Amino acid sequence: MVMSRVFNPMSLRKICVGVFANNQAGDYASSTKAEKLFQRRVILSETAFAEIVIWHVPAPISGSIHAYKYRLAYVIRGECVLRYDNEAGKGDHRHINGREEAYRFSSPRQLMTDFFEEIRRWSDEHADD
């Protein structure tokens with residue numbers, strides 16, 4: 001299946017990243033509980049979707065130094081082939097090609113940019129699958 005012919009991940013990134021264009025962490029500093037900033041499941045083809053959930057939390061979760069909790073997943077045929085998250089105790093990391101590696105979080109906007117760039121790269125590398 002050729003994913004890059006079915007959709008353009010960078011166009012999708014522009015839609016999602018626009019949500020954070022004017023929002024900075026300071027906008028939510030007065031909140032005393034977690035606030036869901038973004039949740040969306042985007043159907044990319046008959047067999048693939050991206051799911052994005054980002055929360056602003058009142059204090060960093062264990063292992064992170066920022067006030068966000070997130071999970072972004074790219075799922076094909078029921079298998080998660082790419083995931084970015086900051087699970088408590090593990091901090092910011094991503095799962096790709098069966099490996100877990102550290103991820104340097106800077107902002108929700110950059111997180112989504114990096115995620116959709118990785119979807120594009122993964123789709124290009126697996127175009128003949």
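Quick notes on this structure:
- Conditions (1) under 23 Å from ASN97 (Cα atoms); (2) buried (at least 19 other Cβ atoms within 10 Å of the Cβ); (3) touching a residue at least 40 places away in the same chain (Cβ under 8 Å); number of the one not met by TYR68: (1)
- Qualifying strands (runs of 3 or more DSSP E) (wholly inside the range 64-129; at least 1 residues being of a type in the set (S, T, N, Q)): none
- Lone qualifier among ALA73, ALA102 - being of a type in the set (A, V, I, L, M, F, W, C) and farther than 25 Å from ASP129 by Cβ: ALA102
- Candidate set: the range 14-39, residues that are closer than 25 Å to ARG77 by Cβ and surrounded by fewer than 14 Cβ atoms within 10 Å (Cβ to Cβ); chosen: the one modelled with the lowest pLDDT: ILE15
- Taken as a whole, the range 112-119 holds at least one residue that is in contact with a helix residue (DSSP H, G or I) (Cβ under 8 Å, 6 or more places away or on another chain) and surrounded by fewer than 19 Cβ atoms within 10 Å (Cβ to Cβ).
- Residue in the range 40-56 that is nearest to the chain's Cα centre (by Cα), counting only those that are surrounded by 17 or more Cβ atoms within 10 Å (Cβ to Cβ) and of a type in the set (A, V, I, L, M, F, W, C): ILE52
- Screening GLY98, GLY63 for residues that are of a type in the set (Gly, Ala, Ser), at pLDDT below 95, surrounded by fewer than 17 Cβ atoms within 10 Å (Cβ to Cβ) and in contact with an Asp or Glu (Cβ under 8 Å, 6 or more places away or on another chain) leaves exactly one candidate, GLY63.
The values are calculated or read from the model by the stated rules, or taken from the named source; none is laboratory data. As the structure is a prediction and not an experimental result, all values here were calculated from the model. Counting neighbours? That spans all protein chains shown, and the Cβs are built from the backbone with ideal geometry, glycine included.
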